[in-house]
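Visitor: This is the structure I have questions about; it appears just below.
The values are calculated or read from the model by the stated rules, or taken from the named source; none is laboratory data. Computed from a predicted structure; not experimentally measured. For neighbour counting, all protein chains shown are included, and Cβ atoms are generated from backbone atoms with ideal geometry for every residue, glycine included. In case anyone asks, the SASA skips ligands and DNA or RNA and just uses the protein heavy atoms, side chains included. Shrake-Rupley method; radii C 1.70, N 1.55, O 1.52, S 1.80 Å.
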Amino acid sequence: MSVPIPELAADPEAPFPMPESALAEPDGLLAWGGDLSPVRFLNAYRSGIFPWFTEGDPILWWSPSQRAVFRTDGVHLPSRLRRRLRNSGWTVRADTAFADVVAGCAAPRAGQPGTWITAGMQAAYLALHRQGHAHSIEVFDGDGRLVGGLFGLAFGRMFCGDSMYSAESGASSLALAMLARRLQGWDWPLIDAQVPNAHTRRLGVQAWPRAAYLAALTELRDAPGMPGTWRDAFGEWPAYSLAEAVAD
């Protein structure tokens, strides 16, 4: 590589470089190499670091200067979507179709040549799911067809979202809003969304300086959490229950 960043040690339990040492350009690039073992993955997320790379590239690890963060009481659904959800017949569940949600998120998007959710990344997320660390929030239509969702990692009282997708318009927004509602009820205050984009800004994401995000992460990551499946704890929720409750 031509950029001056360290290579990670072979030991998956080896510490990461300090996030503050990440490059300013490209913003947040911190280290390369290592592996995608559950131990290293969790160590990264607990340190405010995440992997992002494409097929054929080395594993790259990032901690951007501005972090996309949702407050769980601050996810907003547009009025038009809420009106549509009232009669959609959709329901939201957790951890009943994890592999399908990851595959949906990994599918190429219009105008994009590939995906960062490579086969190796998918295998890593599935391993984390089997260990009870990774979770999916799923939206089903009235016929029981999966129409969208999101997935991410949870530890302590912190949820780190990795990706979301919609096979039907609005499904990923519903998944996010329902996740936020359930987390708020569990007294989990934040959802990490990594890097802001136009879609998450419309839903209420905030851009936090790295230092502010790391301070909040440090406070939340070692709190008592909810390892294991969320299927029963999350429950099954009709879309209309959220459409009536969430304001602009």
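Visitor: Quick check on this structure: which one of MET226, MET178 is open to solvent by 50 Å² or more (accessible area, probe 1.4 Å), of a type outside the set (Ser, Thr, Tyr), farther than 21 Å from TRP61 by Cβ and in contact with a strand residue (DSSP E or B) (Cβ under 9 Å, 6 or more places away or on another chain)?
Guide: Values: MET178 fails: open to solvent by 50 Å² or more (accessible area, probe 1.4 Å).
It is MET226.
Visitor: If you check every pair at least six apart or on different chains, which have Cβ atoms under 7 Å apart with a residue in region 116-143 that is assigned to a helix (DSSP H, G or I) first and a residue that is open to solvent by 20 Å² or more (accessible area, probe 1.4 Å) and of a type in the set (A, V, I, L, M, F, W, C) second?
Guide: GLY120/LEU36; MET121/LEU36; ALA124/LEU36; LEU126/ALA99
Visitor: Please work out if LEU77 is in a loop (DSSP other than H, G, I, E, B), open to solvent by 20 Å² or more (accessible area, probe 1.4 Å) and among the aliphatic types (A, V, I, L, M). Break it down into steps so the answer makes sense when it comes.
Guide: Working: in a loop (DSSP other than H, G, I, E, B): yes; open to solvent by 20 Å² or more (accessible area, probe 1.4 Å): no; among the aliphatic types (A, V, I, L, M): yes.
Criteria not met by LEU77.
Visitor: Please determine whether any residue of region 136-144 is β-branched (Val, Ile, Thr), under 14 Å from the mean Cα position of the chain (by Cα) and modelled with pLDDT of 95 or more.
Guide: Residues of region 136-144 that are β-branched (Val, Ile, Thr), as a first pass: 137, 139.
Still in the list and also under 14 Å from the mean Cα position of the chain (by Cα): 137.
From what's left, modelled with pLDDT of 95 or more: 137.
Taking every residue of region 136-144 in turn, at least one turns out to be β-branched (Val, Ile, Thr), under 14 Å from the mean Cα position of the chain (by Cα) and modelled with pLDDT of 95 or more.
Visitor: Sticking with this structure for a sec: Got a sec? Which of LEU8, LEU23, LEU60, LEU29 is touching a residue at least 40 places away in the same chain (Cβ under 8 Å) and of a type outside the set (Gly, Ala, Ser)? If you could, list the steps in order and put the result at the bottom.
Guide: Working: LEU23 fails: touching a residue at least 40 places away in the same chain (Cβ under 8 Å); LEU60 fails: touching a residue at least 40 places away in the same chain (Cβ under 8 Å); LEU29 fails: touching a residue at least 40 places away in the same chain (Cβ under 8 Å).
Just one listed residue meets the conditions, LEU8.
Visitor: Among the listed residues ALA127, ALA123, which satisfies the condition of being modelled with pLDDT of 95 or more, of a type in the set (A, V, I, L, M) and open to solvent by 30 Å² or more (accessible area, probe 1.4 Å)? Give the steps one after another, and end with the answer.
Guide: Values: ALA127 fails: open to solvent by 30 Å² or more (accessible area, probe 1.4 Å).
Among ALA127, ALA123, only ALA123 is modelled with pLDDT of 95 or more, of a type in the set (A, V, I, L, M) and open to solvent by 30 Å² or more (accessible area, probe 1.4 Å).
Visitor: If only one of ALA233, ALA215 is assigned to a helix (DSSP H, G or I), open to solvent by less than 80 Å² (accessible area, probe 1.4 Å) and within 15 Å of ALA154 (Cβ to Cβ), which one is it? Working first, answer last.
Guide: Values: ALA215 fails: within 15 Å of ALA154 (Cβ to Cβ).
Answer to the selection: ALA233.
Visitor: Still on this model: Given the conditions (1) in contact (Cβ under 8 Å) with a residue 24 or more places away in the chain; (2) on the phi < 0 side of the Ramachandran plot, which single one is not true for ALA215?
Guide: Condition (1) is where ALA215 drops out.
Visitor: Given the structure, is ARG46 under 23 Å from GLY161 (Cα atoms), of a type in the set (Lys, Arg) and either open to solvent by 50 Å² or more (accessible area, probe 1.4 Å) or in contact (Cβ under 8 Å) with a residue 60 or more places away in the chain (or both)?
Guide: Working: under 23 Å from GLY161 (Cα atoms): yes; of a type in the set (Lys, Arg): yes; either open to solvent by 50 Å² or more (accessible area, probe 1.4 Å) or in contact (Cβ under 8 Å) with a residue 60 or more places away in the chain (or both): yes.
So ARG46 fits the description; yes.
Visitor: Whether any residue in region 59-72 is of a type outside the set (Val, Ile, Thr), open to solvent by less than 10 Å² (accessible area, probe 1.4 Å) and either assigned to a helix (DSSP H, G or I) or modelled with pLDDT under 95 (or both) is what I want to check.
Guide: Among the residues of region 59-72, not one is of a type outside the set (Val, Ile, Thr), open to solvent by less than 10 Å² (accessible area, probe 1.4 Å) and either assigned to a helix (DSSP H, G or I) or modelled with pLDDT under 95 (or both), which makes the answer no.
Visitor: Would it be correct to say that ARG40 is closer than 30 Å to ARG182 by Cβ, touching a residue at least 60 places away in the same chain (Cβ under 8 Å) and not in a loop (DSSP other than H, G, I, E, B)?
Guide: Working: closer than 30 Å to ARG182 by Cβ: yes; touching a residue at least 60 places away in the same chain (Cβ under 8 Å): no; not in a loop (DSSP other than H, G, I, E, B): yes.
Considered against the rule, which asks whether it is closer than 30 Å to ARG182 by Cβ, touching a residue at least 60 places away in the same chain (Cβ under 8 Å) and not in a loop (DSSP other than H, G, I, E, B), ARG40 comes out as no.
Visitor: Also: Among the candidates LEU174, LEU203, LEU153, single out the residue that is of a type in the set (A, V, I, L, M, F, W, C) and over 29 Å from GLU20 (Cβ atoms).
Guide: LEU174
This table checks each residue for (1) over 17 Å from the mean Cα position of the chain (by Cα); (2) over 18 Å from ASP232 (Cα atoms).
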site	(1), (2)
LEU146	yes, yes
GLY152	no, no
SER163	no, yes
ALA167	yes, yes
ALA175	no, no
GLN206	no, yes
ASP222	yes, yes
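Visitor: Name every residue in region 17-37 that is open to solvent by less than 30 Å² (accessible area, probe 1.4 Å) and in a helix (DSSP H, G or I), in order of residue number.
Guide: Listed by number, the list holds a single entry, PRO19.
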